[in-house]
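This report refers to the structure that appears directly beneath it.
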């Protein structure tokens with residue numbers, strides 16, 4: 001009798017756990033980019049208040065980390081959507097396909113990458129080649145590549161402040177890091193003949209490698225935490241998406257890059273040279289299984305959310321042009337299959 005009672009108790013406990021797990025996945029799970037995180041969170045909160053579905057759970061794991069989780073498989077233990085501040089890579093598409101995943105790609109708008117610092121400190125006037133010299137692992141000097149000797153900004157250029165080079169930035173798993181390397185470091189290194197004379201592989205290393213001697217500090221995927229650290233340390237600069245500058249304009253200001261300020265209008269027009277597209281990816285196998293998934297996509301791609309007068313531009317999202325936004329909304333809401341790169 002005791003054995004039977006224990007067996008029944010174990011079955012009941014297992015049934016309860018299974019029921020709780022099933023109940024937990026009545027909620028959409030979203031992972032990925034820290035840059036897209038505030039936009040996805042705003043949509044999730046609105047969706048939870050207005051749709052009748054539970055508020056989706058949104059996690060900031062970085063673009064690379066999110067895509068790794070997303071492409072790992074189909075089933076309730078895997079996320080339904082991943083946000084990305086860069087486009088999915090061919091290798092990631094292959095991983096998703098290998099694991100039985102078909103995806104819908106949604107481009108949601110544009111964002112600028114800013115180098116910002118405390119309003120208690122002066123604004124920096126930077127160029128891509130100056131940023132490269134400050135942050136590259138090796139730099140050209142006397143016709144050869146050497147370990148970066150610069151410790152002060154005024155050593156990079158005499159017009160810059162006599163302040164220690166201390167930049168808080170994203171880790172390698174971040175789409176912001178990928179975009180920063182592509183849009184700033186790789187373009188900045190092209191200004192130097194010594195780098196241009198290197199062979200293809202050596203040039204790639206020279207242009208993409210960020211110093212590891214303490215001048216660049218990996219600050220994780222929490223961009224709000226970087227903002228807090230900039231307040232505490234007026235000598236430091238931080239690298240993150242424009243929306244975090246926009247939402248904290250009372251505390252920090254952005255550096256000019258190439259003489260152009262990182263403003264909403266300058267990013268939208270393309271005048272600010274450090275901007276990129278933002279995305280999210282939907283796991284089609286979870287549509288109709290996880291309640292509200294299609295409806296969440298519809299909310300995100302509605303004019304009241306991502307339109308020029310929507311609640312996402314109020315948070316710093318740079319909207320797509322009208323025709324592109326209309327076409328993308330149709331693609332998203334019909335859950336069209338992404339055919340690859």
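Observations on the structure shown:
- Rounded to the nearest 10 degrees, the inclination of helix 322-333 to the longest alpha-carbon principal axis of the chain is 30 degrees.
- Mean sequence separation of contacting Cα pairs (under 8 Å, at least six apart), scaled by the length of the chain, corresponds to a relative contact order of 27 percent.
- Dividing the summed helix terms, -39500 (n - 2.57) for each DSSP H run of n ≥ 4, by the number of residues in the chain produces a 222 nm estimate of -11000 deg cm²/dmol to the nearest 500.
- The C-alpha atoms of the chain define a longest principal axis, and helix 37-50 lies at about 30 degrees to it.
- Size of region 112-275 from its Cα atoms: along the principal axes, largest to smallest, the extents are 44, 32, 31 Å.
- Debye equation applied to the C-alpha atoms of region 185-232, log10 I(q)/I(0) at 0.28 Å⁻¹: -1.00
- Sorted by Cβ neighbour density within 10 Å, fewest at the top, the residues 199, 265, 271: 199, 265, 271
- Mean Cα-pair separation over length for region 229-341, i.e. relative contact order, pairs under 8 Å, 6 or more apart, %: 21
- Counting beta carbons within 10 Å around each of 300, 192 and listing the fewest first gives the order 192, 300.
- Listed values (i) 22.8, 87; (ii) 20.9, 73; (iii) 18.9, 72, entry calculated as Rg and Dmax of the Cα atoms in Å: (i)
- Relative contact order computed over region 112-275 (Cα-Cα under 8 Å; 6+ residues apart), in percent: 40
- Build a GNM of the chain with springs between Cα atoms under 10 Å apart, and of 133, 317, 225 the one that fluctuates most is 225.
Each reported figure results from applying straightforward, stated rules to the coordinates on display, with no laboratory input. Quick caveat: nothing in here was measured; it's all calculated off a predicted structure. For neighbour counting, all protein chains shown are included, and Cβ atoms are generated from backbone atoms with ideal geometry for every residue, glycine included.
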